[in-house]
Amino acid sequence: MQPIPLRTTVIGSYPFPSWLEMASGQLDKFGPADLSEIQDDAAVCAIHDQLAAGLEVITDGEQTRLDFNLSFYGYIEGIHLESAPPRRWGPPAHDQRGKHPVISDLLAPRGLGVVDEFRRLRRLVTAQAQPGGAPHPILKASVPGPYTLSGRLLPNAQYPDRWALTEALLPIVRQELADLVDAGCQEITVDEPSMSCYGYKEDPTRFVEIFNRTVEPAIGRTRLSTHLCFGNYKARAVAPRQYAPLYPAFHNLAVDEVHLEMASREFSEIEIIRDITEQGKDVCVGIIDVKSYFIEQPDDVAARVRRCLAFAPAEKLSFAPDCGLSQTARWASRQKLAHMVTGVKQVRAELGLA
């Protein structure tokens, strides 16, 4: 059950400050101490914006990653970074992202870097005074699942298809989750958007079995969630936007909470949150559209929260943007988050919740 009824959170990513966007293309001009300072400063910006908005659960904004998962491949041995994408010009779409040829055993002896991200987040939050003396927020880390990670790798004779690549990546992600728990991480989201993107044509029970083996070291030791969306590269989805093909199989995911993309889909399938909560899981509803530059007002958010409450009780619900905010401009992200928190608090007050 949610530790805070109708709590507010984010998925993981947050837009880079403009200076980091510029510096990212010139990293060879910086020394190790410079890079460490850049990483800290960027994370401080993301933390500040989330605390200023008043979120109960925050992340580091994934400020040291490229996209939400692309930087992980730099930690994985056995791949060649990277083959050219098939298309460089024209309207942006997912086929403009390159893939990595696999050349030997897939290993990650240094881990995937998420433990260092979490420790940096904890250190920087501890050093910051909270606005108005508010309590420290819950800290969340996010890790891409093995099926999603496999999507940017090219099969070879050793790993002949995506399933084989997934199996090779699975123990790497398992170890990262175990190390995060050992580091004291209170909450972990295992992002598997590729499962929701391909659930319409693959066996969802196979996805569940893979997911549950992945998270096994963390079950019962931290709050586990998963994020199921339909892609957000340059505000483009990549799949039929339906959760129905995943259920009822996905009721068996070994998680405490399931996050669903709803705002950009006009709350299609909203009734599914009733089914999920009746199966004993919490639901984090995406009520902010990260693919739109319409800035939802607090009253818009409050109306969406009330709509969700028609299907699930307050103690089983939390709210977030549909997806990570990395593809949304920072000026818009700040307003969207602030209005989300204000709208949710408005409904909390109506219900007499602290």
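The values are calculated or read from the model by the stated rules, or taken from the named source; none is laboratory data. All values reported here derive from a predicted model rather than from experimental measurement. Heads up, the Cβs are rebuilt from the backbone with ideal geometry, glycines too, and the neighbour counts pull from every protein chain shown.
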Can you tell which of 338, 349, 302 is part of a helix (DSSP H, G or I), over 20 Å from the mean Cα position of the chain (by Cα), more than 23 Å from residue 226 (Cβ to Cβ) and touching a residue at least 40 places away in the same chain (Cβ under 8 Å)?
302
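Conditions tested, residue by residue: (1) part of a helix (DSSP H, G or I); (2) within 20 Å of residue 166 (Cα to Cα); (3) touching an Asp or Glu at 6+ places or on another chain (Cβ under 7 Å).
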{"residue": "88", "(1), (2), (3)": "no, no, no"}
{"residue": "101", "(1), (2), (3)": "no, yes, no"}
{"residue": "104", "(1), (2), (3)": "no, yes, no"}
{"residue": "115", "(1), (2), (3)": "yes, no, yes"}
{"residue": "122", "(1), (2), (3)": "yes, no, no"}
Counting just the residues of the stretch 1-57 that are acidic (Asp, Glu) and outside any loop (DSSP other than H, G, I, E, B), which one comes out surrounded by the fewest Cβ atoms within 10 Å (Cβ to Cβ)?
28
If you check residue 237 against the conditions, is it surrounded by fewer than 22 Cβ atoms within 10 Å (Cβ to Cβ) and over 23 Å from residue 142 (Cα atoms)?
no
Please indicate, with yes or no, whether at least one residue in the stretch 242-252 is assigned to a loop (DSSP other than H, G, I, E, B) and closer than 21 Å to residue 8 by Cα.
no
Any residue in the stretch 281-289 that is closer than 22 Å to residue 254 by Cα, at pLDDT 95 or above and out of contact with any helix residue (DSSP H, G or I) (no Cβ under 9 Å at 6 or more places or on another chain)?
yes
Within the stretch 135-160, restricting to residues that are among the aliphatic types (A, V, I, L, M), farther than 14 Å from residue 112 by Cα and in contact with a helix residue (DSSP H, G or I) (Cβ under 8 Å, 6 or more places away or on another chain), the one that is modelled with the highest pLDDT is 139
Leading residue by the ranking (farthest from residue 246 (Cα to Cα)) among those in the stretch 266-296 that are small (Gly, Ala, Ser) and out of contact with any Asp or Glu (no Cβ under 6 Å at 6 or more places or on another chain)
292
If we scan the stretch 160-169, do we find a residue that is surrounded by fewer than 22 Cβ atoms within 10 Å (Cβ to Cβ) and under 19 Å from the mean Cα position of the chain (by Cα)?
no
